[in-house]
Amino acid sequence: MTMRHLTLICMAGISTSLLVNKMKRLIRNENLEIAVIAMSERAFQGYTGQTDVLLLGPQLGHRFESLKEQYESKGIRIDRIDPERFGAMDAKAVLEQAFPDLSGQIGDK
């Protein structure tokens, strides 16, 4: 399996960092080949690393269309994190949202 790259962004990168830490534990426990990072939207503007999927924290939902227009042409899939999943810090559900092929294949949150 090829390494997949997931980036979560929010206003300051703080709230998504909490979720990313839970996701990293799950990724490690499940031996998945996924690199996941969190940062602010501003930091992402200058980010040169690889991103296959870009997930927006709920507070950036209003930026979805403009970010989709900006990055989709670069081969990055964009989606909004469901506010309930985000509020619950549900690492499993957010990973499955990012990579639907994992649905039903990874353990509990």
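The values are calculated or read from the model by the stated rules, or taken from the named source; none is laboratory data. Here the structure is a predicted model, which is why all the values come from computation and not from measurement. Glycine gets a Cβ as well: all are built from the backbone with ideal geometry, and neighbour counts include every protein chain shown. These area figures cover heavy atoms from the full protein model, side chains too; ligands, DNA and RNA do not enter into them. Shrake-Rupley method; radii C 1.70, N 1.55, O 1.52, S 1.80 Å.
Annotations for the structure displayed:
- Dipole magnitude for segment 26-86: about 160 debye, using +1 per Lys or Arg Cβ and -1 per Asp or Glu Cβ, origin at the Cα centre.
- Rounded to the nearest 20, the size of the Cβ-charge dipole of the chain about its Cα centre is 320 debye, with Lys and Arg at +1 and Asp and Glu at -1.
- Label of the coordinate-derived value, Rg and Dmax of the Cα atoms in Å, listed as (1) 12.8, 35; (2) 13.9, 48; (3) 12.6, 40: (1)
- Karplus 3J(HN,Hα) series, Hz, for segment 95-102 with 6.51 cos²θ - 1.76 cosθ + 1.60 (x for Gly, Pro): 4, 5, 5, 5, 10, x, 5, 7
- Segment 10-68: relative contact order as a whole-number percent, Cα under 8 Å and 6+ apart: 46
- Between amide H atoms placed 1.01 Å from N, distances below 5 Å from R4 occur with I34, A35, all of them 5 or more places distant or on a separate chain.
- Among R4, R77, R28, the order of accessible area from largest down is R28, R77, R4, computed with a 1.4 Å probe on protein heavy atoms.
- Heavy-atom accessible area order for S40, S66, largest first, 1.4 Å probe: S66, S40
- Residue-by-residue Karplus 3J(HN,Hα) for segment 24-29, coefficients 6.51, -1.76, 1.60, Hz, glycine and proline x: 4, 4, 5, 4, 5, 5
- Applied to segment 3-8, the Karplus parametrisation 6.51 cos²θ - 1.76 cosθ + 1.60 on θ = phi - 60° returns per-residue 3J(HN,Hα) values of 4, 10, 10, 10, 10, 10 Hz, with x for Gly and Pro.
- Annotated for the chain: lysine pairs at least 8 residues apart or interchain, Cα distance under 18 Å, count 5.
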